[in-house]
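Enquirer: Sharing a structure, written as structure tokens. Questions coming.
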Amino acid sequence: MRHRIDTRGEWLIFMKECLECHFIVGDKTRYCPKCDADLRQQSDGSTLTVDVAHSGQTKEEALEQLRSALFNSARAHNQFLRVIVGTGLISEAVYTRLVHLKRSGRIKSFDYEGSNRGSIMVRGR
Ligand SMILES: [Zn+2]
């Protein structure tokens, strides 16, 4: 992750890096104090992949994993989150959750990855 500048100290978890000027700012900061960039619009074009279906997860565990993956993905400036959903209940539950997140503006868009129904690409920004 690009915002990691040190592996010690828990406070670092709550920091992120401005991609314009590399200034390290607080997690919840909207505009970079150094160069005024809109930090919520920044993305490095990368994709984070999370598998929520193949470790014996329950539906609830899969949704919790989705929630934390979306959070981490946003903080790491990823543009996309690939969610491996498999087939069946978890896939349906994740899809339904994503519909709600899109409606509320938390994510930009999402769709199955090509013809692969076992994988959903989420565009966060
Ligand atoms: Zn900046």
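The values are calculated or read from the model by the stated rules, or taken from the named source; none is laboratory data. Keep in mind that what you see is a predicted model, and the values were worked out from it rather than measured. In this analysis, Cβ positions are derived from the backbone assuming ideal geometry, glycine residues included, and neighbour counts consider all displayed protein chains.
Enquirer: Given the conditions (1) at pLDDT 95 or above; (2) assigned to a strand (DSSP E or B); (3) surrounded by fewer than 17 Cβ atoms within 10 Å (Cβ to Cβ); (4) not β-branched (V, I, T), and given that H100 satisfies all but one, which numbered condition is not satisfied?
Expert: (2)
Enquirer: Pairs, please: C-beta under 7 Å, at least 6 apart or cross-chain, first residue among the small types (G, A, S) and in the range 85-114, second not in a loop (DSSP other than H, G, I, E, B)?
Expert: G86/G118; A93/K59; A93/A62; A93/L63; S109/K102; S109/R123
Enquirer: Here's a follow-up. Just give me the residues in the range 18-37 being more than 10 Å from the ligand (Cβ to nearest atom) and either in a strand (DSSP E or B) or aliphatic (A, V, I, L, M) (or both), in sequence order.
Expert: Once the filter is applied, which keeps residues that are more than 10 Å from the ligand (Cβ to nearest atom) and either in a strand (DSSP E or B) or aliphatic (A, V, I, L, M) (or both), the range 18-37 yields only G26.
Enquirer: I would also like to ask the following. Looking only at residues in the range 65-94 that are crowded, with 17+ Cβ neighbours inside 10 Å and hydroxyl-bearing (S, T, Y), which one is farthest from H22 (Cα to Cα)?
Expert: S91
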